[in-house]
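Pasting a structure below so you can have a look.
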Amino acid sequence: MFESLKKAIKNFSDSITTRELSEKEIESAVNEFVHELIQNDVAYDVAIEIANEIRLSLKDVKIGRFTNSHTIIESKMKESLTKILEIVKPPDFYQLVSSIIKEKGLCTIVFFGVNGSGKTTTIAKLAFKLKEKGFLPIIAAADTFRAGAIEQIKSHAEKIGVPVYLSKYGSDPASVAFGCVQEARKNKRNVVLIDTAGRMNTDTDLIQEMKKIVRVSKPDLKIFVGDSLVGNDAVNQIRTFNSDIGIDGVIITKMDADSHGGLIFSVARIIKKPIYFIGIGQDYSSLIEFSPEVILKKLF
C-alpha cells in the first residue's frame, strides 16, 4: 500500500538534498515530482497545488550539503499533504451513528457505486464492525439485478451473524429498502445498511432508480464506495454521483492492492467529502477508519 507514492516522495527528497542545487535544478526536480504524483493517481490540479506549496516552502530554505535538508524537505511535504487530508477528516463514524440513533431510534445508510467496487463486501465488513461495537445492524439486499448478488450478501450475513432482508430478483429495489427499514423498526434493529446494484455514473435509468431508493428509504447517510484501483476515474464517478444524488461520505476499497494511493489526495482536494473508511484486505476486520495520521505514517 502506497509503495509507489512513497518511493516518489523519497526520490524527490533525495534529488534535492544530496547536493546543493541551483534554483533551475530545484524547479526541474519539482516538475519531475509533479509527473510522479500524476503517475500515482494524484489528479493534475492537486499535484500542481502540492508542487506550488513545496516551491513556496523551499523559497527561504537554503538547501546545502551541511544542512539537515532531508528533514526540512520531509517536514514541508508532510505539512502540505496534511493540509489536504485534513479537509476530509471525518467525524467519528460510530459516534455519528449513535447520535442519529439517539435522535431517531434508527440510522439508515445507503451505499452506492459502480460495478466491481467491492460495495457488497464493504457493507458486510461495516456490519461486522458495527456489531462488534454493540450496534444492531440489518442489511437490505436491494441489489435485485446482478446475478448472485442476493446469494452473496446472504452468505456474508450468515458468516457475521447479521440479519438480512431479502426479496426476489427483479423486485423493486426501493420497495426492498423501504421494507427493510420497516423490518428494522419492528425487530428493534438500529442500523439499516442498504446494498444497491452497481451502476455506472453515465447510466441515466439506474441513476433514476437510485434516486427513488433514496426518496423512499430517506437515508441518514449516503455513502459512495470507490475502488482505489481505478485511479482518478473514481473522482469523476464521485463527482457525478454527488451531483445527481448527493453523497455524505466515501469509503475507498482495495487500498492493500494499490501501490499508488494518490486517489485519496484527489478525493480530499476535489470532492471535499469525508472519507469514513479504507478497505485494506479481504477479512471482515480489514476496514479501518480513515485518518490523515495513518496515511502519512505509510508515506514517511
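The values are calculated or read from the model by the stated rules, or taken from the named source; none is laboratory data. Computed from a predicted structure; not experimentally measured. Here Cβ is always computed from backbone atoms with ideal geometry, including for glycine, and neighbour counts include all displayed protein chains.
Among the residues of the range 122-148, which ones are without any contact (Cβ under 8 Å) to a residue 60 or more places away in the chain, assigned to a helix (DSSP H, G or I) and out of contact with any helix residue (DSSP H, G or I) (no Cβ under 7 Å at 6 or more places or on another chain)?
Answer for the range 122-148, where residues must be without any contact (Cβ under 8 Å) to a residue 60 or more places away in the chain, assigned to a helix (DSSP H, G or I) and out of contact with any helix residue (DSSP H, G or I) (no Cβ under 7 Å at 6 or more places or on another chain): just Glu132.
Give, as residue ranges, the helices (runs of 4 or more DSSP H) completely inside the range 1-82 that count at least 2 residues that are closer than 30 Å to Gly279 by Cβ, of a type outside the set (A, V, I, L, M) and modelled with pLDDT under 90. Explain how you work it out, then say what you get.
On the way: elements: 3-15, 23-39, 44-59.
Per the criteria, 3-15, 44-59.
Which of the numbered conditions does Thr253 fail, given that it passes all the others? Conditions: (1) of a type in the set (S, T, N, Q); (2) out of contact with any strand residue (DSSP E or B) (no Cβ under 7 Å at 6 or more places or on another chain); (3) surrounded by 21 or more Cβ atoms within 10 Å (Cβ to Cβ).
All conditions are met except number (2).
Please specify each residue of the range 162-171 satisfying the condition of being under 22 Å from Leu287 (Cβ atoms) and assigned to a loop (DSSP other than H, G, I, E, B).
Val162, Pro163
Might you let me know whether the range 172-181 holds any residue that is more than 24 Å from Leu130 (Cα to Cα), assigned to a helix (DSSP H, G or I), without any contact (Cβ under 8 Å) to a residue 24 or more places away in the chain and of a type in the set (S, T, N, Q)?
Step one: filter the range 172-181 for residues more than 24 Å from Leu130 (Cα to Cα), giving 172, 175.
Filter again for assigned to a helix (DSSP H, G or I), leaving 175.
Next cut, without any contact (Cβ under 8 Å) to a residue 24 or more places away in the chain only: none.
No, because not a single residue in the range 172-181 is more than 24 Å from Leu130 (Cα to Cα), assigned to a helix (DSSP H, G or I), without any contact (Cβ under 8 Å) to a residue 24 or more places away in the chain and of a type in the set (S, T, N, Q).
Something else: Does Ser117 meet the test of being of a type in the set (S, T, N, Q), over 22 Å from His156 (Cα atoms) and either assigned by TED's automatic domain parsing to the domain that holds Phe290 or outside any helix (DSSP H, G or I) (or both)?
no
Identify, by number, the condition in (1) surrounded by 13 or more Cβ atoms within 10 Å (Cβ to Cβ); (2) part of a helix (DSSP H, G or I) that Lys159 doesn't meet.
Answer for Lys159: the failing condition is (1).
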